[in-house]
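Some notes on the structure that comes next.
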Amino acid sequence: MRAQRIGKANPAEDEAVYQAILRALLEGKLKAGTKLAETPLAAIFGVSRERIRKVLHRLGAERRLEMIPNRGARVPRPTLDDIRRVYEAHRVLEAGVLSLLVLRVDEVLLAQLDTHLEEERAAARRGDRAASVRLSGAFHVHLVEALGNPELSRILADLLSRSSVMVSVYEPAAQSICAVDEHGAIVAALRDRDLMRAIAVSREHFLHVEGRLRLDEAAASESEDLAAIFTPVKPLRRKPRSAQS
């Protein structure tokens, strides 16, 4: 029996599969609890199971997926307690960030934030849910990175990986655009160097996002039709024809 050949490393192919699955997550197409099985995904994308496994483990390391021993990967099903803990951490972290940032804010940072807000509004206008979720998280990344502290950036990245999935699977799509105006209010408070207002607006923003999550409206499932979710997805490479006899 001929041993199965494992394809050569192909970073571009790995990234394409990663981005497709991540986009489906951020668009809310993958419901909480959906099992992401290697075999059907390999057939959908036209790649090996080993390549799919590598991507799923990457998403698991980012805490965007749950990796369950002997059962594989699935979309997280966070509890109310999970959500409360994550958003409490968001509120505490950003209050500290704003306390430092209000002393350093300048016109360069404000211009950068204004440009980002325009990108958020454009995504909301065209109804691009995945971009809206991504840009919403990126707004808070801009605030943290302005401090130049990699430890704070690492903590925020971990929180955003978890909360972006919570928003994608539990927040009604029509309410995602609310964050743009709330982000704008934070920028306005920073422009006025008004720390207490900035912290208060930030706190209310995270409370609003947490309050919009609807656990009872997200039907958990382990048997979603992955082919329908990822259609139309062309195989990333042409499979070789069977040898003729």
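The values are calculated or read from the model by the stated rules, or taken from the named source; none is laboratory data. As the structure is a computational prediction, the values presented were derived from the model and not from experiment. When we count neighbours, we look across all protein chains shown, and the Cβ atoms used for this are built from the backbone with ideal geometry, even at glycine.
Restricting the search to the stretch 138-161, which residues are crowded, with 20+ Cβ neighbours inside 10 Å and closer than 16 Å to H183 by Cα?
F139, H140, L143, V144, L160
What are the pairs, 6+ residues apart or on separate chains, where a residue within the stretch 49-68 that is free of Cβ contacts under 8 Å to residues at least 12 places away in the same chain has its Cβ under 9 Å from a residue that is surrounded by fewer than 21 Cβ atoms within 10 Å (Cβ to Cβ) and assigned to a helix (DSSP H, G or I)?
R49/E38; R49/T39; R49/A42; E66/G60; M67/H57; M67/G60; M67/A61
Looking for whichever is within 16 Å of R162 (Cβ to Cβ), surrounded by 19 or more Cβ atoms within 10 Å (Cβ to Cβ) and β-branched (V, I, T) here; the options are V55, V75, V47. Which one fits?
V75
Test of understanding: among A220, A227, A200, which residue is aliphatic (A, V, I, L, M), surrounded by 10 or more Cβ atoms within 10 Å (Cβ to Cβ), at negative phi and at pLDDT below 55?
Values: A227 fails: at pLDDT below 55; A200 fails: at pLDDT below 55.
From the options A220, A227, A200, the qualifying one is A220.
Considering every residue within the stretch 75-85, establish whether at least one is under 30 Å from D194 (Cβ atoms), part of a helix (DSSP H, G or I) and in contact (Cβ under 8 Å) with a residue 60 or more places away in the chain. Step through it out loud before you land on a result.
The initial filter retains those residues of the stretch 75-85 that are under 30 Å from D194 (Cβ atoms), namely 83-85.
Next, only the ones that are part of a helix (DSSP H, G or I) stay: 83-85.
Checking which are in contact (Cβ under 8 Å) with a residue 60 or more places away in the chain leaves us with 83-84.
Yes: the stretch 75-85 contains one or more residues that are under 30 Å from D194 (Cβ atoms), part of a helix (DSSP H, G or I) and in contact (Cβ under 8 Å) with a residue 60 or more places away in the chain.
Condition (residue is free of Cβ contacts under 8 Å to residues at least 12 places away in the same chain, buried (at least 16 other Cβ atoms within 10 Å of the Cβ), assigned by TED's automatic domain parsing to the domain that holds I68 and part of a helix (DSSP H, G or I)) applied to the stretch 26-42: is it met by at least one residue?
Within the stretch 26-42, one or more residues are free of Cβ contacts under 8 Å to residues at least 12 places away in the same chain, buried (at least 16 other Cβ atoms within 10 Å of the Cβ), assigned by TED's automatic domain parsing to the domain that holds I68 and part of a helix (DSSP H, G or I).
Which residue, of R84, R53, R71, is farther than 27 Å from E204 by Cβ and at pLDDT 90 or above?
R53
Please give the number of the condition G148 fails out of (1) part of a helix (DSSP H, G or I); (2) more than 18 Å from the chain's Cα centre (by Cα).
Single failed check for G148: (1).
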